[in-house]
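Visitor: I'd like to ask you about the structure that follows.
The values are calculated or read from the model by the stated rules, or taken from the named source; none is laboratory data. In this text, all values refer to a predicted model and were calculated from it rather than measured experimentally. Here the Cβ is made from the backbone with ideal geometry for all residues, glycine too, and neighbour counts use every protein chain on show. The accessibility values were calculated without ligands, DNA or RNA, using every heavy atom of the protein model including side chains. Shrake-Rupley method; radii C 1.70, N 1.55, O 1.52, S 1.80 Å.
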Amino acid sequence: MPKAPLLYTALKEVIEFAVEDGLLLALSATGVCVVFATGTWERLGFLNSTADEHIRSIIVNKARRELVVTSFQYLDCLGDHHPLRCRAVALQDLVARRFPAPSAPIFGSEGSISWPGFVDVDGDTATALTYNPATKLYKVWDLRDYSPRLIIRGRGIQDICLHSPDVALVTLHGSSGVLPIQLRSLVDGTVLREFCIPLGAAGEPEVLHLFGQHLLVRLPGGSLTITDSVSGSCVEVGDLALQHLQVFSHCPVSNTVLAFGDDGMRVFSLQGQQLGHVPGCVLPDRKLENAMHISRQEKHMVVYTGSHQHPAAPERTAAQGGPAGPTSQGGGGTASSDAAGSSSPAWFGSYGSSRREDSSSDHRFMVPDIGRIGASMGVVDLQRCKWLARLHAGRARRPEAVRQQHPDVELAALANVTAVYYDEMRCCIYTGSADGFVHIWRL
């Protein structure tokens, strides 16, 4: 069994998951990435190539069946900044338990990117964006062969965001009171459309997103505007509830927007029409990327809502066709593994009641009164905008021996969730905790 990287033996929160080819990869804030085998939950090894490598992100490149790893070496430290490097690791090498796994450097001309440069990799669109302050060049890369698709000179550019495989949102440095924005083609770099956003005394936009062909903008204290970049039509959303939403996510399949605020999640169309409201769906600390995960067909969303007081949710059973709670297997329903090294079991039992404690065939997940609990996690039906199921700590039925050995494990598992992933193929949810553990919740 390979040893843990020497610099990262302390437990630290899990910040990111990647699941592919029967592998579960858990990345911690200390830069350690642990590889598990799904099903057996055996720890296979560490993705870190050296003892001083700090991994910043892991992205699955489905086009090549590889992992794109962005990291830095502590030995390369330049003052307070660390040059970023990118490498590709074949998934088959991890499955074959070759550790440290062979890897190859990618983005060759950008072999080392210093601050304030960055690397932004999108596995879904098979594109990556890099900025090298030494050359002042933005480069868009094709992950199918790691070749540069487009090079954009950085003069006058404030920021670039990739929102689709074909279009980039470019924010320029403008004159006082105006923010110039361009939509550029990623095919040849031509400017498709230009906008000038008047800022006045309000300052920078609170919301600035390009979802498909629609540009969402909201200035401090102003209304949310949605502009169709093709037709030029603009809709001002005057709903007061939408004006206070802070976190937005686009669902490209249904072409709808999920917006999170203090009173829950709202779903609305890109024409400004509200389609639904899910009370109690509040993201902890308004963090989107780690607190929720949407299924590929955008039918369900698993979300961690932290410690909030929410209205009661309806009951849902497996027999009705919706997601169920953690299954009961020999009295226990989940397993827990330490993402920083050691592996140990954890038991959560069946939440609610089941007619047979040793079988999951007729398991019944009873949703508690959410208004009386703290930290919780649940499944939302995005098509009907309603809760399907909620679970919380403190209602587990467990064997007496396990209860004595791990008296508070299920409470801790939900009290400090730092990352969430919904594995549709295995019908389970992975959560990472602040103390460096990975918990598996079976549906």
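Visitor: In nm, what is the difference between 0.36 nm times the number of residues separating Cys77 and Ile157 and their Cα-Cα distance?
Guide: Taking Cys77 through Ile157 to full extension adds about 26.0 nm, to one decimal.
Visitor: Below 14 angstrom from the Cβ of Arg193, what's the summed charge of the other residues (Lys, Arg +1; Asp, Glu -1)?
Guide: -2
Visitor: On the protein heavy atoms, probe 1.4 angstrom, tell me the percent of accessible surface of region 145-284 carried by carbon and sulfur. Numbers along the way, then the final one.
Guide: Details: 3240 of 6360 Å².
The computed percentage sits at 51.
Visitor: Any idea of the accessible area per residue across region 38-192, 1.4 Å probe, to the nearest Å²?
Guide: 46
Visitor: Something else: Which values, in whole Å and largest first, are the semi-axes of the equivalent ellipsoid of region 176-238 obtained as the square root of 5 times each eigenvalue of the Cα gyration tensor?
Guide: 21, 14, 9
Visitor: Moving on. Short version: ³J(HN,Hα) in whole Hz for each residue of region 106-116, in order, from phi by Karplus 6.51 cos²θ - 1.76 cosθ + 1.60 (θ = phi - 60°), x for Gly and Pro, what are they?
Guide: Going residue by residue, I get 10, 6, x, 6, 10, x, 9, 10, 8, 4, x Hz, with x marking Gly and Pro.
Visitor: Between Glu206 and Asp21, 0.36 nm times their residue separation minus their Cα-Cα distance comes to what?
Guide: Gain in length upon complete extension: 62.7 nm.
Visitor: Round to a whole number: what % of the accessible area of region 40-99 belongs to carbon and sulfur, probe 1.4 Å? Kindly include the intermediate steps, with their values, before the conclusion.
Guide: Values: 1330 of 2680 Å².
So the carbon and sulfur contribution to the accessible surface is 50 percent.
Visitor: To continue, here is another question. According to a simple spin-label model (label point 7 Å from Cα along Cα-to-Cβ), what is the distance in nm between Lys62 and Leu275?
Guide: The answer from the label model is 2.0 nm.
Visitor: Could I ask something else about it? By how many nm would the segment from Arg296 to Ala51 lengthen if fully extended, with 0.36 nm per residue of separation less the alpha-carbon distance?
Guide: Result for the pair: 84.6 nm of gain on full extension.
Visitor: A further question follows. Where in region 21-36 does the label zone of Val95 land, with the point 7 angstrom along Cα→C-beta and an amide N cut-off under 12 Å?
Guide: The answer is 21-23, whose backbone nitrogens lie closer than 12 Å to the label point.
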